[in-house]
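Chemist: Shown below is the structure under consideration.
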Amino acid sequence: DYVHMSVKIVQLKKADMAAVQDINAILVLQLSYSKSAKPLRVKDLSVILKNKNFHMWVLRNGKKIIGMGSLVIYHAPMGLRSRIEDVAVDENYRGRGFGERITRKLIEVARRLRVRDIELSSRPGRVAANALWQKVGFQKKQTNVYSIKFTK
């Protein structure tokens, strides 16, 4: 359809209010399962985008960001590794293959940068997302994931 053809995947290089509003609409309002998620500010996005090891790619329908995903690269003793974070598509555009397009772009970038592997995590309740990860080649690891939350 027309919308599918006009959507472009581009690396987000510049933080501005429009980008922040679109990202917040997707991540904070639609995707966040925690009511404690704080909206991103232009200043925050600027800091993120200045990090050369952080690659944020967005799906744009015209000027509007309708989806996103990030690839974080880091050096570890076993080699160059990476992690995919925050793959999300605006609820009005889901079910059209955009999540797969952005994920495949992140995999392509990781390959180009010659990383050893890519990891990601996804809540079990995100059925479509978990099916996508397997479709594009990710294998479920038998591991325990732990975290510590710090409050400000």
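The values are calculated or read from the model by the stated rules, or taken from the named source; none is laboratory data. Treat the numbers as computed from the prediction; the structure is a model and nothing was measured. Cβ atoms come from the backbone with ideal geometry, glycine included; neighbour counts cover every protein chain shown. The area values use the complete protein model at the heavy-atom level, side chains included, leaving out ligands, DNA and RNA. Shrake-Rupley method; radii C 1.70, N 1.55, O 1.52, S 1.80 Å.
Chemist: Would you be able to tell me the number of residues in segment 109-118 that are within 14 Å of the chain's Cα centre (by Cα) and surrounded by fewer than 13 Cβ atoms within 10 Å (Cβ to Cβ)? Working first, answer last.
Modeler: Filtering segment 109-118 down to residues within 14 Å of the chain's Cα centre (by Cα) leaves 109-110, 118.
Now narrow it down to the ones that are surrounded by fewer than 13 Cβ atoms within 10 Å (Cβ to Cβ): none.
Qualifying residue count, segment 109-118: 0.
Chemist: So, in segment 72-105, of the ones that are under 18 Å from Asn24 (Cα atoms), of a type outside the set (Val, Ile, Thr) and in contact with a helix residue (DSSP H, G or I) (Cβ under 7 Å, 6 or more places away or on another chain), which residue ends up most open to solvent (accessible area, probe 1.4 Å)?
Modeler: Looking at residues that are under 18 Å from Asn24 (Cα atoms), of a type outside the set (Val, Ile, Thr) and in contact with a helix residue (DSSP H, G or I) (Cβ under 7 Å, 6 or more places away or on another chain), I get Glu91.
Chemist: Please verify whether Lys141 is open to solvent by 40 Å² or more (accessible area, probe 1.4 Å) and either more than 23 Å from Asp16 (Cα to Cα) or in contact (Cβ under 8 Å) with a residue 24 or more places away in the chain (or both), treating the condition exactly as stated. Steps first, answer last, please.
Modeler: Values: open to solvent by 40 Å² or more (accessible area, probe 1.4 Å): yes; either more than 23 Å from Asp16 (Cα to Cα) or in contact (Cβ under 8 Å) with a residue 24 or more places away in the chain (or both): yes.
So Lys141 fits the description; yes.
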